[in-house]
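Shown next, in structure tokens, is the structure this report addresses.
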Amino acid sequence: MNNNNEKVFKQRLDLYWQSISSYAIIMVVYSIIKGSIEAGEFSMTLQDPIVILLQIFIIITSVALLFQAVKGRTVIFGKDHIVFKSRLGEKKYNISDISSLFVSKQNFKNKIPTRNRLFKMRIKNRRRLIRIRPSSFHNDVELLESLLNLKKRIAKS
């Protein structure tokens, strides 16, 4: 919470480092299994096509993690506005500028509101929709509640 009664939600980067660690573990285990013990020495194969492919995955995921960390996306909910902020800039939309907010359907087996829903926000004088997935941000339950409250406020006006 900021001093101005704003709620700040930062993007999660957990998926990237979890992918990097799982690719690295798979690569090491595969290299050990594929390696050989000759004359009392252990050798790992790093020139195997599968190991090279896993190394490429690790490099690509590391670059994506670095890019997203530098970008630093955040969503800020204020009393009468919503701000989409990154290192490259920020866009502020007043509640009156939002024409509609669509919510993906909820799984009816589970009565609890799920965090994996997708919100699509239509802004006046903008062609493309803004998509927000609460599970991609820290404090996703609170972000989900803020988006549902925003939807109710838009429906009233």
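The values are calculated or read from the model by the stated rules, or taken from the named source; none is laboratory data. Note that the structure is a prediction, hence the values are computed from the model and not measured. Note that each Cβ is placed from the backbone with ideal geometry, even for glycine, and that neighbours are counted across all protein chains shown.
A few remarks follow.
- Region 13-35 residues that are among the basic types (Lys, Arg), paired with ones that are loosely packed, with under 15 Cβ neighbours inside 10 Å (beta carbon under 6 Å, 6 or more apart): Lys34/Thr45
- Subset of region 50-68 (residues that are surrounded by 14 or more Cβ atoms within 10 Å (Cβ to Cβ) and more than 13 Å from Ile26 (Cβ to Cβ)): Ser62, Ala64, Leu65, Gln68
- Residue list for region 72-83, filter: exposed (fewer than 12 other Cβ atoms within 10 Å of the Cβ) and without any contact (Cβ under 8 Å) to a residue 60 or more places away in the chain: Asp80
- Condition check for Arg12 on (1) within 21 Å of Glu142 (Cβ to Cβ); (2) loosely packed, with under 13 Cβ neighbours inside 10 Å: one failure, at (2).
- Taking every residue in region 115-136 that is at pLDDT below 85 and crowded, with 17+ Cβ neighbours inside 10 Å and pairing it with any residue that is outside any strand (DSSP E or B) and not small (Gly, Ala, Ser), at least 6 positions away or on another chain, the pairs with Cβ-Cβ distances below 9 Å are Arg117/Lys105; Arg117/Gln106; Arg117/Arg133; Arg117/Pro134; Arg117/Leu144; Arg117/Leu147.
- If you go through region 84-98 and keep only what is in contact (Cβ under 8 Å) with a residue 40 or more places away in the chain and either more than 12 Å from Ile130 (Cα to Cα) or touching a His at 6+ places or on another chain (Cβ under 7 Å) (or both), you end up with Ile95, Ser96.
- Qualifying residue in region 92-103 (condition: over 18 Å from the mean Cα position of the chain (by Cα), at pLDDT 90 or above, surrounded by 13 or more Cβ atoms within 10 Å (Cβ to Cβ) and closer than 18 Å to Leu150 by Cα): yes
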